[in-house]
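K.L.:
So that we are looking at the same thing, I have put the structure below in structure tokens.
The values are calculated or read from the model by the stated rules, or taken from the named source; none is laboratory data. Note that this is a predicted model, so its numbers are computed, not measured. Using ideal geometry, Cβ is built from the backbone for each residue, glycine included, and neighbour counts are taken over all protein chains shown. Heads up: the accessible areas ignore ligands, DNA and RNA and are worked out on the full protein's heavy atoms, side chains in. Shrake-Rupley method; radii C 1.70, N 1.55, O 1.52, S 1.80 Å.
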Amino acid sequence: MNFEKNAPEKDISVTIHTEFIKLEAALKLANAVSTGGEAKNLILDEQVSVNGEICTMRGKKLYPGDRFAFGGRTYLITIHAAV
């Protein structure tokens, strides 16, 4: 029996190069939406959650370690490590 089908999907990493990213921009960076307008509408329609809670603030600041979810997928904010 294959249990992989029922296993939860891993977080999709969204790497930023700054201290934080705003939720609207994070959705675009993750390719979860095509435009900022689409991101705005989804956020205002309560279709996006941040760290497990519905968020209606487009400008919500996300920091490394924060998670946001949309469309059945969960995204994890990570920081780009300088080499």
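K.L.:
Pop out the ³J(HN,Hα) list for region 12-29 in order, Karplus 6.51 cos²θ - 1.76 cosθ + 1.60 with θ = phi - 60°, rounded to Hz; leave Gly and Pro as x.
P.N.:
Running phi through 6.51 cos²θ - 1.76 cosθ + 1.60 with θ = phi - 60° gives 8, 6, 10, 8, 10, 10, 10, 5, 8, 9, 7, 3, 4, 5, 5, 4, 5, 4 Hz.
K.L.:
To the nearest 20 debye, what is the magnitude of the charge dipole of the chain about its Cα centre, counting +1 on the Cβ of each Lys and Arg and -1 on the Cβ of each Asp and Glu?
P.N.:
Using only the charged Cβ atoms, the result is roughly 140 debye.
K.L.:
What list of ³J(HN,Hα) values in whole Hz, one per residue of region 44-52 in order, does the Karplus curve 6.51 cos²θ - 1.76 cosθ + 1.60 (θ = phi - 60°) give from phi, with Gly and Pro shown as x?
P.N.:
5, 7, 6, 9, 10, 10, 10, 6, x
K.L.:
Still on this model: List the residues whose amide H sits under 5 Å from the amide H of I16, counting only those 5 or more places along or on another chain, with H placed 1.01 Å from N in the peptide plane.
P.N.:
When sequence neighbours closer than 5 places are left aside, the close amide H contacts are T78, I79, H80.
K.L.:
Let me ask something additional. Mind checking the full-extension length gain between T15 and Q47? Use 0.36 nm per residue of separation minus the Cα-Cα distance, one decimal, nm.
P.N.:
Working it through step by step, the gained length comes to 9.3 nm.
K.L.:
Moving to a separate point now. Let me know the number of lysine pairs in the chain closer than 26 Å at the Cα, not counting same-chain pairs under 8 apart.
P.N.:
Here the count comes out as 13.
K.L.:
May I pose another question? To the nearest 500 deg cm²/dmol, what mean residue ellipticity at 222 nm is calculated for the chain from DSSP H runs of n ≥ 4 alone, each contributing -39,500 (n - 2.57), summed and divided by the residues?
P.N.:
-5000 deg cm²/dmol
K.L.:
May I ask you to give the solvent-accessible area per residue for the chain, in square angstrom, as obtained with a 1.4 angstrom probe?
P.N.:
69
K.L.:
Apply the Kirkwood formula to the chain: the hydrodynamic radius equals the inverse of the mean of 1/r over all pairs of different alpha-carbon atoms; give it in Å with one decimal.
P.N.:
Radius from the Kirkwood sum: 13.2 Å.
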